[in-house]
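Heads up: the structure comes next, in structure tokens.
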Amino acid sequence: MLAEPISLSNVGFHYRNGQWLFRGVSFEFPAGSTTAIVGPSGTGKTTLLALLDGSLRPTEGTVARDEGKRIWLFQSPSLLPRRTATENVALPMVAAGVRWGDCLTAAAAHLETVGLADVARSQARHLSGGQAQRVAVARCLAARPELLLADEPTAALDRVSASPICDSLRAVAASGATVVIATHDERLAAACDRILELAPPAF
């Protein structure tokens, strides 16, 4: 069963100096879907992710969400370099108390989901940037989040390496999670189910 959608109602945020990043944002993020947040630099894409996460509160308006597991995916995947791809993906399950053998079996399945079965035994330090980012997405799958917040996940990648990332993120959404991606990558945004465009407020 999918979680309740996350919704924004007339949300605005400003700095302490009173400068508004955005105002009047109303939007719904359905569970099991991918949404891209786009807009020029400085319009508050990462800030909006933090509002969805709950680590920031809006200056005005309301954010309605369940208190489920939330995970961030950044430009740098932060893998353990001398551990294999499979071991990196298994770590969230180990932390949850799952037996090591079962963790490895599930991790292999998650790597196959993101198209990386062929590098399962490779150490993370030997992976390309695109492969490492997909391993990080597979690790998100293993953690079973209800909300995945991706902040410019393809910014450090060339177009060829970035292309499979959206499919991998869609796999997380297919598991029932709400996936929200802040991005300047037009092709990544176009491949998402929904797009929320931020612009500087006119007032």
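Looking only at the range 1-19, which residues are crowded, with 16+ Cβ neighbours inside 10 Å and part of a strand (DSSP E or B)?
Answer for the range 1-19, where residues must be crowded, with 16+ Cβ neighbours inside 10 Å and part of a strand (DSSP E or B): 6, 8, 11, 12, 13, 14.
Are there any pairs, at least 6 apart or on different chains, whose C-beta atoms fall under 8 Å, with the first in the range 19-30 and among the β-branched types (Val, Ile, Thr) and the second buried (at least 20 other Cβ atoms within 10 Å of the Cβ), and if so, which?
Taking only residues 6 or more apart or on different chains, the pairs are 25/8; 25/11; 25/48; 25/196.
With 43, 35 as the choices, which residue is more than 21 Å from residue 130 (Cβ to Cβ), at pLDDT below 95, out of contact with any His (no Cβ under 8 Å at 6 or more places or on another chain) and open to solvent by less than 40 Å² (accessible area, probe 1.4 Å)?
43
Can you give me the number of residues within the range 1-11 that are at pLDDT below 95 and more than 19 Å from the chain's Cα centre (by Cα)?
1
Condition (residue is surrounded by fewer than 19 Cβ atoms within 10 Å (Cβ to Cβ) and at pLDDT 95 or above) applied to the range 124-134: is it met by at least one residue?
yes
Going by the structure shown, is residue 138 of a type in the set (Gly, Ala, Ser), part of a strand (DSSP E or B) and open to solvent by less than 60 Å² (accessible area, probe 1.4 Å)?
no
With respect to residue 63, determine if the residue is free of Cβ contacts under 8 Å to residues at least 60 places away in the same chain, assigned to a helix (DSSP H, G or I) and of a type outside the set (Lys, Arg).
no
Please go through the range 81-95 and give me each residue that is open to solvent by 80 Å² or more (accessible area, probe 1.4 Å) and either among the polar types (S, T, N, Q) or touching a residue at least 12 places away in the same chain (Cβ under 8 Å) (or both), ordered by number.
Listed by number, the residues that qualify are 82, 83.
Restricting to the range 169-203, name every residue that is farther than 10 Å from residue 32 by Cα, part of a strand (DSSP E or B) and of a type in the set (A, V, I, L, M).
180, 181, 182, 195, 196
From the list 194, 144, 170, exactly one residue is open to solvent by 40 Å² or more (accessible area, probe 1.4 Å), closer than 18 Å to residue 31 by Cα and under 11 Å from the mean Cα position of the chain (by Cα). Which is it?
Matching residue, one of 194, 144, 170: 170.
Condition first: closer than 26 Å to residue 7 by Cα and surrounded by 19 or more Cβ atoms within 10 Å (Cβ to Cβ). Now tell me which residues in the range 147-167 satisfy that.
Scanning the range 147-167 gives 147, 148, 149, 150, 153, 154, 165, 166.
The values are calculated or read from the model by the stated rules, or taken from the named source; none is laboratory data. This structure is a prediction, so every number in the text was calculated from the model and none was measured. Virtual Cβ from ideal backbone geometry, glycine too; neighbours counted across all protein chains shown. Surface accessibility is based on the protein's heavy atoms, side chains included, excluding ligands, DNA and RNA. Shrake-Rupley method; radii C 1.70, N 1.55, O 1.52, S 1.80 Å.
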